[in-house]
Amino acid sequence: MSEVRVLSIYEGFFSGGARILHSDVVLGLHGGAQRHSVLSVEGEMNREATRQPMEEDACYRSLTAAGVPVTALRRGSDAAGPAAGMTAFTAAELAATARATAAADVVLSLKEQPLALLNQAGLPLRPVVVCLHRSDPENQGPALDALLAGVAAGRVQACVCCAESTRRAYAAAGVPAEILHVIPNGVDLLRFRPDPVRRAQVRAALGIPAQAPLVTFAARWAAMKNVPLFLASARAYLRRSPDARVLMCGAGMTAANPGLRAEIAAALGDEPWLAERMLTLGVRADMEALYAASDVVSLTSSSGEAAPLCLIEGMMCGAVPVATDVGDCADLVAGRGLLTPPDREAIAAAWTEAVERAPLFAPALEACREQFSRTRMVAAYGALIDQVHQGAPLSAQPEPL
């Protein structure tokens, strides 16, 4: 059997769990039975108060290093967020997209935003699999309409949902249930694991005492992440735990971001000295080390989350998860961590409890590792792509290889 040629369409390369996960899938499947390539609509993104050129992104570098061809339609874009600049395309851009899709057997759309491009008239007809990573389709603007239009036209053959909450939300939004397939998120278990050496090295490098409780917040500076709630919780926690530290990383999570500086100042109020125990590290390529150094991985999101990659990666490194009840977070942390209401005092108390009960959570965190295996996830994606290519019935979710 000849190899299956698969083209992934990205809105752009920027820091975020969905791009990390999708790039992991591409890297895991490229070569052998499948040959993958990536087309990015934007060559540069300006999001979360961060300029993010494609070539500086860790996913881009990993893909190209592995021999996956990556091209961009646009260079030096001023795109500011999801779907920005995704409604008008030049003749040259459509011609380049036509060449890329013509050379593919199956197209993967990373989220629904690229469907504004893929639904354009005149492009070669190729089966499209849309990879969905949120639980709020109603907040995706015109992208949901583009998804429904692609389904109605028969172009979209399947949708991968990274969580049950995603499947339920998109079914309620009008996507036929029979094309929605849940493939849970997974991570590289060799990379994300407890590591006492890394823990000691990171803490020494960051000036964090060996026994100091450390809460890590790995998230973009975005409204859905509810950064003000996290910061208010951090104030309450640092006040009650004089040895503790709080670490923030992700796009926009730097002192260079005036918006974040203003939010920190507002949250700390008349206790600005608490900021001395708050670290803002921005985008990092060594998340496995930061998580290994952490006692708690926390998420305070108010909407949109499905199966947050930060919680999974943190858990696999031994950090106790503490999260608000959004998407599949309740299932992710059940028996392994704590679920909280969106209340700063409750979240601060949960961080304290998580640190104290860490030895009790440790067996459950170790026991669930195989459940979150990257290998299992990649195999399931590969099986679904093969089914779509072969035109096989998709009424049942493909079993992992």
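The values are calculated or read from the model by the stated rules, or taken from the named source; none is laboratory data. Everything quoted here is computed from the prediction, not taken from an experiment. Don't worry about glycine lacking a Cβ; one is built from the backbone with ideal geometry, like all the others, and counts go over all protein chains shown.
Remarks
- Once region 234-260 is narrowed to residues that are part of a loop (DSSP other than H, G, I, E, B) and out of contact with any strand residue (DSSP E or B) (no Cβ under 8 Å at 6 or more places or on another chain), the residue that is surrounded by the fewest Cβ atoms within 10 Å (Cβ to Cβ) is PRO242.
- Count - residues of region 156-178 that are assigned to a loop (DSSP other than H, G, I, E, B) and either surrounded by fewer than 21 Cβ atoms within 10 Å (Cβ to Cβ) or among the polar types (S, T, N, Q) (or both): 3
- Hits in region 31-52 (condition: crowded, with 21+ Cβ neighbours inside 10 Å, under 20 Å from ALA100 (Cα atoms) and free of Cβ contacts under 8 Å to residues at least 60 places away in the same chain): HIS36, VAL38, SER40, GLU42, GLU44
- For region 17-30, the criterion of a residue being assigned to a strand (DSSP E or B), surrounded by fewer than 16 Cβ atoms within 10 Å (Cβ to Cβ) and modelled with pLDDT of 95 or more is satisfied by no position.
- Check on GLU11, surrounded by 24 or more Cβ atoms within 10 Å (Cβ to Cβ) and of a type in the set (D, E, K, R): yes
- Verdict on LEU279 being in contact with a Ser or Thr (Cβ under 6 Å, 6 or more places away or on another chain) and over 26 Å from MET377 (Cβ atoms): no
- Yes/no for ALA251 being modelled with pLDDT under 95 and in contact with an Asp or Glu (Cβ under 8 Å, 6 or more places away or on another chain): yes
- Apart from one condition, ALA153 fits all of (1) farther than 27 Å from ALA251 by Cβ; (2) surrounded by 14 or more Cβ atoms within 10 Å (Cβ to Cβ); (3) not hydroxyl-bearing (Ser, Thr, Tyr); the exception is (2).
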